[in-house]
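Down below is the structure, laid out as structure tokens.
The values are calculated or read from the model by the stated rules, or taken from the named source; none is laboratory data. A quick note: this is a predicted structure, and the numbers were derived from the prediction, not measured. Cβ placement follows ideal geometry from the backbone for every residue including glycine, while neighbour counts extend to all protein chains displayed. Just so you know, the surface numbers come from the protein's heavy atoms only, side chains and all, with ligands and any DNA or RNA stripped out. Shrake-Rupley method; radii C 1.70, N 1.55, O 1.52, S 1.80 Å.
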Amino acid sequence: MPIEERLPTLIEAVVKQFLFLGRSEVQSQLLAIALSLSLSWLLSKCLWHWLIRTFPQATVIIWEDARFSSRQYLAVLLQHLDFSVLSLIALNLSLELFRTQDCKRGLLNVAIGLMWVYLGYRFCLASLYAVFPLASVRRYHYRLFAPLFILYVLGTISNLANNLELIAQISPFKLFNSPFTLGSIFSLIAGLYFWVVIVIFLEDIFLKILETKNKLETGATQAAFLLIRYFLIALGIILILGYVGVNGTAVAAITGGLSVGIGFGLQQVVSNFVSGILLLFEGVLRPGDIIDVEGQTSEVTKLGIRATTVRILKNNSEKIIPNQTFFTKDVTTYTSSDRLVQCSIKVGVGYEYDVHQITTLFLQIANEHPRILKKPAPLVFLLDFGDAHFNFELKFWLNDINLQTEVISDLNYTILENFTKSLIEAPFFQREIHIRTGG
């Protein structure tokens, strides 16, 4: 008899699963598992609260830190493993109880096996917290590791009552006149999700390695990896669609028909998308660049395919700017060819002081500041002759525009202190008033 005739229907598979759960020996094991896990959870909570009261300093976990200290890691390791260890003890005790009563215990053995896997999963997760930044581990914990473990558990449990290989061949509907099986649906959804997450995960790892070794410029590296990311995502979509048997000709026909509607209905989205591609290929804007857009000096933090995220330097807030803005409005960049920024301050000095002495003083102050670059060297200019003073301008260069306000403030303080020590008075506006009396 061919395999297709032996395939169960979707309803038959669901009914078989419920019949399996309705058996008395299965329900007794499920009850024992539920009681073991509940008791273990309560004991783990009581144990942790006792440790907090007894050793308050040793059990403090600060999740905001970049990495855990040795003491914090031990606390996290204990917090991650206590429930698993207690559950294994409780499940093994239940297993011995069922053995003494000569009851079926296959489900308990499966639960113990899954709990061993969970113990290894929690240990690996706690180990990652000791090596990598906490934010990255927590992000991929919920996006990658936890979904993989949940799928493993669900697959193991479902396979107890049904043959997953046969279930995967059930075809609930047809797509483009071709049978679309449950296995194809699962591969399409799970495959696309995990492909995207893993590509981003690997991108983050390589970026961290390159940034640590300082092999490439950060902005250029991130832009290059962003292009690679979208290329791999597009390649993965094509491969997965081909794997599940989607008709490429039909997809192309539908895509062509929808392109006209998309062109009219999503003009802004398409424009931003194309602008993002051009920005990446031209390299005129990269993560880490300092720009002036819409009257605000900002740092590019993330260059996306639809929008660019910038951090406004004035108040440290973030702003999401559509990519087409960089092609429709004037944008000033301070870091396109290099990161040098020219700054200047203007100071007035009275006519009674020697201009060469003032020039030497300004240059000395600028050269002694640790943030001011020696190449290009600071310059002093005598701009013009004011009503009551000379107008000087001190020009200097920085390699980071974020330091501009701080350095100018330092120079002003230093100039004022030197004026005080050298008995140089800052000029102030004076006006003589002659009063004529009648007579």
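Quick notes on this one:
- Across Lys329/Lys395; Lys208/Lys314; Lys375/Lys421; Lys314/Lys346; Lys395/Lys421; Lys208/Lys329, pairs whose alpha-carbon gap is larger than 32 Å: Lys208/Lys329
- Modelled label positions at Asn109 and Ile157, each set 7 Å beyond Cα in the direction of Cβ, lie 2.0 nm from each other.
- Between Ser409 and Arg311, the modelled label-to-label distance comes to 1.8 nm, taking each label 7 Å out from Cα in the direction of the beta carbon.
- The residues of the stretch 341-422 expose, per residue, 57 Å² of accessible area to a 1.4 Å probe.
- Net charge of neighbours whose Cβ lies under 10 Å from the Cβ of Leu383, counting Lys and Arg as +1 and Asp and Glu as -1: -1
- Contact order for the stretch 341-422, expressed relative to its length and based on alpha carbon pairs under 8 Å spaced 6+ residues apart, stands at 39 percent.
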